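The values are calculated or read from the model by the stated rules, or taken from the named source; none is laboratory data. In this text the structure is predicted, and so the values were computed from the model without any measurement. Quick reminder, even Gly has a Cβ in these numbers, built from the backbone with ideal geometry, and neighbours come from all protein chains shown. To get the accessible areas, we keep the full protein, side chains included, count just its heavy atoms, and leave off ligands, DNA and RNA. Shrake-Rupley method; radii C 1.70, N 1.55, O 1.52, S 1.80 Å.
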Amino acid sequence: MRILGIESSCDETGVALVDAEGTSVPRLLGHALHSQIAMHQAYGGVVPELASRDHIRRVLPLTDAVLAQAGLALSAVDAVACTRGPGLAGALLVGTGVAHALGMALGKPVISVHHLEGHLLSPFLSADPPSFPFVALLVSGGHTQLMRVDGVGRYELLGETIDDAAGEAFDKSAKLLGLGYPGGPALARLAEQGDDNAFKLPRPLLHSGDLDFSFAGLKTAVLTQVKRLAHAAPEGPATSHLADPLTAQQKADVAASAQAAIVDVLVKKSLAALTRTGLKRLVVAGGVGANARLRHQLDAAAARRGLRVHYPELALCTDNGAMIALAAGLRVQAGLVAANGPHGHFDVAPRWPLTELGAPA
Ligand code: KG4
Ligand code: ZN
């Protein structure tokens with residue numbers, strides 16, 4: 001069964017085709033992506049209306065590209081999957097609208113997919129796929145959650161952020177340092193030149209005894225640190241960007257200290273989740289899962305404790321269509337969605353907790 005997947009929840013248009021035969025892990029036949037990062041950069045963040053318009057421009061050419069990669073015609077598609085949420089309503093409407101139009105034109109079913117389920121299952125497309133059960137650390141721009149995953153569609157929330165997401169902590173710290181959007185990769189690059197221990201930044205809820213996170217205080221601590229350094233600079237505080245009077249080394253040290261604080265908390269809580277559940281496998285998914293320090297620290301801790309950590313391929317860490325097509329395929333294989341069922345209900349769910357996923361109609 002060939003499933004075309006469309007992702008359009010935020011600032012990436014992703015389209016992919018998977019083959020979900022029998023019970024083997026769906027195979028990727030082609031995938032194409034257009035990132036809107038360059039377009040939003042001028043505004044310092046995602047502009048929802050511009051995002052929607054760009055998804056409209058990209059989605060059909062990307063679909064053509066994916067079919068060409070796979071050497072297949074549109075008529076070879078057996079089902080169309082799309083991200084129903086969570087995400088930006090207008091952006092989601094583009095992908096779901098196109099998916100339903102294609103489904104109707106082809107007379108094929110449409111499968112609605114939860115964006116985070118896509119992230120969570122994305123390591124199944126890697127060379128080293130996990131097996132159930134496992135703990136998943138979901139770390140994206142909008143979410144930071146630890147889930148117990150017993151199978152496709154069987155997710156139990158163990159803990160989550162009570163304020164900012166880990167990706168937001170990266171992005172906001174980067175913004176305070178005058179780095180561009182999205183801040184995560186830029187901050188990680190700058191941190192390579194810095195000293196992790198240069199500044200003592202808080203590790204919120206590290207010893208809270210539960211599996212929740214809090215990153216809002218870290219942003220304030222980074223702000224305070226940048227202000228302190230700016231005021232102490234020979235030329236005094238800047239009139240343009242707050243971080244301008246800082247030396248390159250000071251900026252790198254703040255970046256390294258902020259990254260170390262975020263990663264420390266993510267690693268400690270992930271290990272605590274494994275201890276609590278008694279599970280030995282951790283899956284890391286979502287944009288922040290691309291962070292090299294996070295991967296390094298988790299791998300080192302796993303090696304010491306005899307644990308396994310699985311990641312999606314780097315290219316599939318951030319938003320993409322492959323994870324949407326894959327999640328749809330795995331849901332069909334798990335019997336959670338009828339492969340030859342009617343057209344899914346046409347709606348979007350901008351706010352949609354993964355724990356409310358249930359078995360869709
Ligand atoms: O999963 P994703 O692409 O989109 C959402 O669903 O949110 O995640 C985007 C987030 C952004 O906050 C971005 O700064 C962060 O992932 N990110 C990183 C890295 N690459 C992306 N954060 C830290 N280090 C990275 N290498
Ligand atoms: Zn995402």
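Going through (1) assigned to a helix (DSSP H, G or I); (2) of a type outside the set (Asp, Glu); (3) open to solvent by less than 40 Å² (accessible area, probe 1.4 Å) one by one, residue 181 falls short only on (1). Against the conditions (1) of a type in the set (A, V, I, L, M, F, W, C); (2) away from ligand 2 (no atom under 16 Å from the Cβ); (3) at pLDDT 95 or above; (4) surrounded by fewer than 21 Cβ atoms within 10 Å (Cβ to Cβ), residue 89 satisfies every one except (2).
Looking only at segment 261-296, residues that are within 26 Å of residue 115 (Cβ to Cβ), assigned to a helix (DSSP H, G or I) and among the polar types (S, T, N, Q) come to 2 in all. Annotation for segment 43-64: no member residue is closer than 30 Å to residue 335 by Cβ, open to solvent by 60 Å² or more (accessible area, probe 1.4 Å) and either away from ligand 2 (no atom under 16 Å from the Cβ) or basic (Lys, Arg) (or both). Here the condition is being under 18 Å from residue 11 (Cβ atoms), in contact (Cβ under 8 Å) with a residue 12 or more places away in the chain and more than 16 Å from ligand 2 (Cβ to nearest atom); of 186, 216, 198, it holds for 186 alone.
Of everything listed in (1) open to solvent by 20 Å² or more (accessible area, probe 1.4 Å); (2) touching a helix residue (DSSP H, G or I) at 6+ places or on another chain (Cβ under 9 Å), the single unmet condition for residue 116 is (1).
Is there a residue being at pLDDT 95 or above and in contact with a Phe, Trp or Tyr (Cβ under 6 Å, 6 or more places away or on another chain) anywhere in segment 178-192? Reasoning before the result, please.
So the first thing to find is which residues in segment 178-192 are at pLDDT 95 or above, and the list is 184-192.
Now restrict to residues that are in contact with a Phe, Trp or Tyr (Cβ under 6 Å, 6 or more places away or on another chain): 184, 187.
Yes: segment 178-192 contains one or more residues that are at pLDDT 95 or above and in contact with a Phe, Trp or Tyr (Cβ under 6 Å, 6 or more places away or on another chain).
With 265, 283 as the choices, which residue is farther than 25 Å from residue 80 by Cβ, touching a Pro at 6+ places or on another chain (Cβ under 8 Å) and away from ligand 2 (no atom under 16 Å from the Cβ)? Unique residue meeting the criteria: 265.
Only one of 192, 156 is more than 16 Å from ligand 2 (Cβ to nearest atom), closer than 18 Å to residue 353 by Cβ and open to solvent by 50 Å² or more (accessible area, probe 1.4 Å). Can you tell me which? Give the derivation first.
Values: 192 fails: closer than 18 Å to residue 353 by Cβ.
From the options 192, 156, the qualifying one is 156.
Residue 273 satisfies every condition listed in (1) of a type outside the set (Phe, Trp, Tyr); (2) out of contact with any Leu (no Cβ under 6 Å at 6 or more places or on another chain); (3) modelled with pLDDT of 95 or more; (4) open to solvent by less than 40 Å² (accessible area, probe 1.4 Å) except (2).
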